[in-house]
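A short worksheet on the structure shown next.
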Amino acid sequence: MCTCASIRPGTTYRFLRSITRAPAGAAAARPLAAQEGRPALSLELPADSLLARHGPLVRATHMLAGDRIRELLNAGFPARFQFRVELWSEGRFFDAFEKAGEYTLLVRYLPADRLYEVTHVQDERAFSLGRFTAVADAERAIGRAMAAPVNARPAPRRQYYQATLTVEVLSEKDIDEVARWLKGDIEPGITGKANPASVITRGVRALATRLLGGEKAEYEATTPPFRVP
């Protein structure tokens, strides 16, 4: 008699994820960044009574703490912070992917105005989070708690969220492409005179594959499992 777990077509699964999940009580983040001033990603679940209506709060702190990223921002190269929050349900052998939500923060320096601008892009719409004279203020704007655009539903299984943050800065060898991109896409995208999706799809996603120093900074955080009655 077969005791294999049934797998629904078109569904993504994780095998035996429970052996690596963080202990209940606190979200886990990788790389470990408990020290003050180090970049860190965290998730906070809403109250039990709100689990079916709201997603977790996402915080990305100290994301502009490095000297190199600040130097590149001051030189006119934008930084992209891509957030993806996934909802998973536990299984005996496999954890099943349920759904996901994404949003992006773009940070750039405006040398003519001597200001740092932070823009939130979600669902093909761009919203300015403000312009700041100090890079520390722009960093705090990035670190504001944001509700993830995904929420759980009542289910018999326990569920959990996993967030991934990818931080990318365009390299100096892309300077010509960056100049054309800034002129042709990001300006109209942010001002609402063109499809804001082009800011991500034709601009950052195409160019940010060539990253600063050939490296991609990634952070992850996972919530404790929970039930939605």
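Derivation of every value follows stated rules applied to the coordinates shown; laboratory data play no part. Here the structure is a predicted model, which means the values were calculated and not measured. Cβ placement follows ideal geometry from the backbone for every residue including glycine, while neighbour counts extend to all protein chains displayed.
Check residue 158: other-chain or 5+ apart residues with amide H under 5 Å from its amide H, H built from backbone geometry?
90
Pop the C-beta distance of residue 74 and residue 128 into the FRET formula with R0 = 30 Å and round what comes out to the nearest 0.05.
0.95
Net charge within 15 Å of residue 229 by Cβ-Cβ distance, Lys/Arg positive one each and Asp/Glu negative one each, not counting residue 229 itself?
Spelling it out: positives minus negatives among the neighbours equals +4.
Around residue 85, what is the net charge, scoring Lys/Arg as +1 and Asp/Glu as -1 over all other residues with Cβ under 13 Å from its Cβ?
Overall, the nearby charge balance is -2.
Which far-off residues, 5 or more places away or on another chain, put their amide H under 5 Å from the one on residue 130, with H placed in the peptide plane?
Residues meeting the criterion, in which the H sits 1.01 Å from N, are 118.
Please give me, ordered by residue number, the trypsin sites (Lys or Arg not before Pro) of the range 51-114 that lie in loop per DSSP and have at most 12 other Cβ atoms within 10 Å.
53, 92, 114
How large is ³J(HN,Hα), in whole Hz, for each residue of the range 47-55 in order, when computed from phi with the Karplus curve 6.51 cos²θ - 1.76 cosθ + 1.60 and θ = phi - 60°, using x for Gly and Pro?
Karplus-based 3J(HN,Hα) across the range 47-55 equals 4, 3, 6, 10, 4, 7, 10, 10, x Hz.
In whole Hz, with x marking every Gly and Pro, tabulate ³J(HN,Hα) for the range 74-81 from phi via Karplus 6.51 cos²θ - 1.76 cosθ + 1.60, θ = phi - 60°.
Taking θ as phi minus 60°, the curve returns 5, 7, x, 9, x, 10, 10, 10 Hz for the range 74-81.
Tabulate in residue order the Karplus-calculated ³J(HN,Hα) for the range 114-119, using 6.51 cos²θ - 1.76 cosθ + 1.60 with θ = phi - 60°, rounded to whole Hz; enter x for Gly and Pro.
Residue by residue, the range 114-119 yields 6, 10, 9, 10, 10, 10 Hz.
Among residues other than residue 51 whose Cβ falls under 10 Å from its Cβ, what is the net charge (Lys/Arg +1, Asp/Glu -1)?
Result for the local shell: +2.
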